[in-house]
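> Pasting in a structure now, in structure tokens, and then I'll have a few things to ask.
The values are calculated or read from the model by the stated rules, or taken from the named source; none is laboratory data. All values reported here derive from a predicted model rather than from experimental measurement. Cβ coordinates were reconstructed from backbone atoms using ideal geometry, including for glycine residues, and neighbour counts include every protein chain displayed. Just so you know, the surface numbers come from the protein's heavy atoms only, side chains and all, with ligands and any DNA or RNA stripped out. Shrake-Rupley method; radii C 1.70, N 1.55, O 1.52, S 1.80 Å.
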Amino acid sequence: MNKTIIININSIVFHIEEDAYETLRSYMIDIKRHFGNSEDSREILEDIENRIAEMFSESIQTGKKEVINSEDVGQVIGQMGRVSDFEMEFGGTAIENEREFSETDSTQSAKSDMYADTVHYMAPKKLMRDMDDKVFGGVCSGLGHYFNIDSKWVRIIFVLFFLFGGSGILLYLVLWAVMPKAMNRADKLAMRGEQANLHNFKKSYDAEMKDGRENFTGTEEHTNRGARSVGDFIARFFSVLGHIIAVIMLVFTGLVVFGIFAFFVFNVLNILGYPNPLFFPPLKMLDPTSAFFAILAGTLGAGIPFLALFFIMLRAVFRSKSMNNYVAMSLWAAWGASIVMILYFVVVTNKDFVEESTISIEKPLERHHAYQLSWNDIRVIKAQEEDLQSKGEDLAKRAGVMGNFLRDDIGIQIEPLDSLEAPYIQYNYQAKGKTYGDASDRASKINYQIKQTGDEIAFDSHFTLQKQQLIRDQRVNVVLFLPVGTEISLSRDLDYRISGMDGANCRLNSASRFSEWIVQKDGVRCTVPQLEKSDD
């Protein structure tokens, strides 16, 4: 049995074997002796202890290995390095370190380079936000460290993205949500691709001390303190203002996310056959399965950026923890996949509108001196009272099914014929498709009717498509060819529906049910004298 000791490092309790403790204690005494002679060195000592605590935590395996032994301490010391490794290189003690700041930059650089040549101190870089060099969130400077680019060039790239489409803001916000902060010295070293060991801690500490001496000496220190006081006041003012804006943005983005989700749910209900007014019209161009994935992709594509912004505002307002990296990366991947899906549906659907076909059919009309034109709204189900009592449910079902295939893209016009020619109707069925054959096939499956009963001609208000037919710009154009001199009575339902015939301005008074017209060689003309019209 080995005797164990309980120690506390960085507020984390560890069980450590006695001999391992003595080794660690001796190691920490050397570190504190080297770095602990200055009040400003407290931070680096805390960073070193934090790093040691992290390394010990990684070696602990609950239920298997819960005690730190000599081997663990040896591995930590091996990775962190010893003070003796660089005491002679950097000056040994903190007092000698203070003297080093008077040396030239070239001498310091030569020493660092000479020492770096003997030991490998580089490590894989981590993508993190640099909180020491930030304008907003430190994203640009973090990317600069990761790709070895000056942060100003990264900022210029984001500005260009913003100017060309505004995508820079979206990308910045997503990266802000995904990238963690570089909080301590170990994080900052990992961000630059440097190992978190004593040598690099020392370099980082010396650089900070040198910058501090250069920026805060003599009267300059007094001036900078005053500037910092003014800056602190301005910072507090903008902090309060920013907090208010963050609350407003939090509420706004929360409502937008909820609205996008509700829009998705209502559209899915429409796709499943539960009609409601909140329907995205382009989905009618897709089959149910494709429509579902399209609305899902659109929801993710529009919703994830707002969701990311919502979490950013949530963190800003409530100081909550950052989003889990796995969750953030999953959302980022889902957003990218949704954009790809949207582009896929746009490209594939657009190919189905390349060719257009028109099928023209002519049907004769009974000849009359005058015709009465009316509008038949086929959405109105005409039934007897006994039908409603016995077959009401069946009628409602038929009406719901029929409503899914109705289209009202109908154009009507009247053209003159020689007075001796027989009247007729020309039906022009139009549709589009990937090929001319596909377009012709769709056009042939349009069903539209015009009924003549004596001198009355009734135009259906809609045409129908056969089941499973996709919407591909199907249209019906009807041309009514009538002999010159034929009189026409146009019902109110057809006002503005027939090209060139404004029925509302061709009635004797507002109570008249019909407007009166006559076919002439140059077109159809109103027969109601304009000067005699009255609103009575």
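> Treat each spin label as a single point 7 Å out from the Cα along the C-beta direction, and report the Ser499 to Leu127 distance in nm.
Distance between the two pseudo-spin positions: 5.6 nm.
> At a Förster radius of 45 Å, what calculated FRET efficiency corresponds to the Cβ-Cβ distance of Ser419 and Gln466, to the nearest 0.05?
0.65
> Let me ask something else. Give, as ranges by residue number, the residues of the stretch 360-377 whose backbone N falls under 18 Å from the point 7 Å along Cα→Cβ of Tyr448.
In the stretch 360-377, the label zone of Tyr448 (backbone N under 18 Å from the point 7 Å along Cα→Cβ) covers 360-365, 373-377.
> Moving on to the next point. Scaled to the compact-protein estimate 2.2 N^0.38 Å, what is the alpha-carbon radius of gyration of the stretch 493-533, rounded to two decimal places?
Ratio of Rg to 2.2 N^0.38 Å for the stretch 493-533: 1.12.
> Tell me the volume per residue, in Å³, of the convex hull enclosing the alpha carbons of the stretch 453-536.
Expressed per residue, the convex hull around the Cα atoms of the stretch 453-536 is 139 Å³.
> Which distance in nm do the two modelled labels at Asp473 and Lys284 give, with both placed 7 Å along the Cα-to-Cβ direction?
1.6
> Please check which bits of the stretch 286-308 a label hung off Val268 would reach, taking the label as a point 7 Å along Cα-to-C-beta and the cut-off as backbone N under 16 Å.
So the set is 288-304.
> How far apart, in nanometres, would the label points at Phe136 and Ile361 be if each is projected 7 angstrom from Cα along the Cα-to-Cβ direction?
My value for the distance between the label points is 6.0 nm.
> Which order do Ser489, Ser11, Ser499 take when ranked by solvent-accessible area (1.4 Å probe, heavy atoms of all protein chains), largest first?
Largest accessible area first, the residues go Ser11, Ser499, Ser489.
> Given 0.36 nm per residue, what is the gain on full extension from Phe252 to Ser510 after removing their alpha carbon distance, in nm?
Length gained, Phe252 through Ser510: 87.9 nm.
> Along the stretch 147-156, what does the Karplus equation 6.51 cos²θ - 1.76 cosθ + 1.60 (θ = phi - 60°) give for ³J(HN,Hα), rounded to whole Hz, x for Gly and Pro?
9, 6, 10, 4, 4, 5, 6, 5, 5, 5
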